[in-house]
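Remarks on the structure that follows.
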């Protein structure tokens, strides 16, 4: 790729000026107004999930992925109750995203979302394809990268954080040419979007091209 790769700073989230299933990507089917809860028991290293009733019939099907946009969600079982106990979650407590599905509605529970809210997005290359973050961030641009009720000039701005690459991975999905060209496969951000790396050193997170449109 001709576009210069970017090592995202670890401690500074800077402002840019200028299952196998698709649970996390299919936001329209999520129970966005249904608020659940997840409780982590540090001593037992277990997770207890709870949620209000949603859907019309059948059991709630529980699956778990290592990140919100993970390629694979593993089925953990089903229940007719409004609680579920996971006694063997993934080792890192933040690498447990639970998809709770009933009928055509799916809600996602995680400690990260519970702590940081819906406007902060975390990506983990260990569980996701290289292009996953770019595709999702770019899909947000039309509604939050411009003016409008949910746009960048409001308080509803987004923050995107990338966990460290492992074994030579990168979030760069490949491309060429100018960052503003379609061929570059750039991540397109709104003027006031925030982006940051969560590695120990800057080189722990490698992205491809990032682009923000001129606003003046």
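Figures for the structure shown
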read-out: Which of 61, 108, 195 has the fewest Cβ neighbours within 10 Å, and the rest in rising order; value: 61, 108, 195
read-out: Burial ordering of 45, 140, fewest other beta-carbon atoms within 10 Å first; value: 45, 140
read-out: Dimensionless Rg/Rh of segment 33-114 - Kirkwood Rh, Rg from C-alpha atoms; value: 0.93
read-out: Neighbour-count order for 127, 94, 176, fewest beta carbons within 10 angstrom listed first; value: 176, 94, 127
read-out: Net lengthening on full extension, residue 180/residue 39 (0.36 nm per residue, minus Cα-Cα); value: 46.4 nm
read-out: Shape parameters for segment 138-216, alpha-carbon atoms, Rg then Dmax in Å; value: 13.8, 41
read-out: Gain upon complete extension [residue 105, residue 91; 0.36 nm per residue less C-alpha separation]; value: 2.2 nm
read-out: By average C-beta atoms within 10 angstrom, highest first, the peptides 180-190, 163-173; value: 180-190, 163-173
read-out: Segment 86-187 shape via C-alpha gyration tensor axes, a/c threshold 1.5; value: oblate
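Taken together, the values in this text are just the output of simple stated rules run on the coordinates, not laboratory data. Predicted model, so just to flag it, every value in this text is computed and none were measured. Don't worry about glycine lacking a Cβ; one is built from the backbone with ideal geometry, like all the others, and counts go over all protein chains shown.
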